[in-house]
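Take a look at the structure below.
Quick note: the coordinates plus some simple rules give every number you see, no bench work behind them. Owing to the predicted nature of the structure, the values given are computational and were not obtained by experimental measurement. Cβ sites come from the backbone with ideal geometry, for glycine too, and all protein chains shown count toward neighbours.
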């Protein structure tokens, strides 16, 4: 059994254990294989996908207010200072410190447009476990936007790693679920199901605001 077959077996078992659905496919216009697991939680669909070398997670929700929380792994070089000085245009906010969790603040740069609510979200033990227990974890992003008639809310995770540990993936689904519940409690996310058109999947919402994406 090669590495990709092992990955697919792991994700099939994961889907069965969390009552989710498994799909195997390829990245559009390429030969890169993908495996994904999607789970319905309340009115939200949480999806994780792997190429065998990366893991991404996303879920869309209906935002009730503008909010951003960007948790990005530090590189411990000059780019960390640049990132703090010049954040992505749609992620303007303040650095979040004083969370009470020094180990997270040491490994990650945390910025938000609402420091108080960001601290409440970072107090979630399951989310902190996910951030700390993966050497490849790069980014955890919450973005709620209500601008000029446009309404989009999403949680996104990016990991440069290969995951064969189903328990680790279950923790990630659980972290997303608890984050959605906390966003709802903080009146940042509606409990209603998001309306996403066929032409605008959740990942497209992030691509729209990704100023570094190649055209």
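Numerical summary
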quantity	calculated
Gain upon complete extension [residue 123, residue 94; 0.36 nm per residue less C-alpha separation]	8.7 nm
Extension gain from residue 3 to residue 66, taking 0.36 nm per residue of separation minus the Cα-Cα distance	18.5 nm
Residue 185 paired with residue 104, simple spin-label distance in nm, labels 7 Å along Cα-to-beta-carbon	1.3
Segment 47-67 and segment 10-41: distance between their alpha carbon centers, rounded to Å	14
Cβ-Cβ FRET estimate between residue 26 and residue 166, R0 fixed at 22 Å, reported to 0.05	0.40
